[in-house]
Amino acid sequence: MLQIRLASPDDLDGIAALLQTNAPSRGGSLTGEFPSGKVAAMLRSGMPAVAALRDGRVVGALFSSAAAQPSPPPPVAAMLRAWPGGPDAYVYGPICVADSERGQGLPARLYAALRDSLPGAEAILFIRRDNAASLRAHQRLGMREVAAFALDGVDYAVLSDAGHSKTENLEHNS
């Protein structure tokens, strides 16, 4: 049975294992590494995180963080320069789904649970342009590309669920 709920400290080991399995050092498409200490800090951030558990095992996770952070990681800082979002914006991600659960609509369920925790707030996120599967999945959730940036020779798309168009983005950044 699949359970989707707000993540708790009890989920730390399962979430860290899932994220590390999909980290770049293991050939995954997440941006960055997620050792247990980093995941613990993310869980303590005060912003909601959602976990999906199948038979007690973490098979999906979605984090959020405040858009106003004192020292955001370089990709988040670059994203926020390209698209700061509205006054209620938050940073969406990372999101990670176990291989065994892919293709079954889990990202939509994780996102719905996060939206329930942050009603009406704008989600902003970045995705590597070469991660076509993630771009398609997030577009199916109704997110739209609003900006772009490059960092360390990698191109990223910035998406938002606020419904802004690329034309509005040009006006927003001018």
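Tabulated data
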{"item": "Intensity falloff of segment 84-166 expressed as log10 I(q)/I(0), Debye formula with alpha-carbon point scatterers, at q = 0.14 Å⁻¹", "result": "-0.47"}
{"item": "Neighbourhood net charge (13 Å Cβ-Cβ; Lys/Arg +1, Asp/Glu -1) for residue 89", "result": "-3"}
{"item": "Interatomic Cα distance distribution for segment 102-144, bins of 5 angstrom, percent", "result": "5, 20, 31, 26, 13, 5, 0"}
{"item": "Counted charge near residue 78, where neighbours are those whose Cβ lies closer than 12 Å (Asp, Glu -1; Lys, Arg +1)", "result": "-1"}
{"item": "Estimated Rh, the chain: Kirkwood, alpha-carbon pairs, angstrom", "result": "16.3 Å"}
{"item": "DSSP beta bridges in the chain [antiparallel fraction, %, rounded to 5]", "result": "95 percent"}
{"item": "Solvent-free Debye scattering, log10 I(q)/I(0), computed from the Cα coordinates of segment 20-89 at q = 0.13 Å⁻¹", "result": "-0.47"}
{"item": "Estimated 222 nm signal from helices in the chain, with DSSP H stretches of n ≥ 4 weighted -39500 (n - 2.57), rounded to 500", "result": "-9000 deg cm²/dmol"}
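The numbers here are math on the coordinates, done by the rules we state, and not lab data. Just so it is clear, the model here is predicted, and its values are computed rather than measured. So basically every Cβ, Gly included, is an ideal-geometry build from the backbone, and we count neighbours across all protein chains shown.
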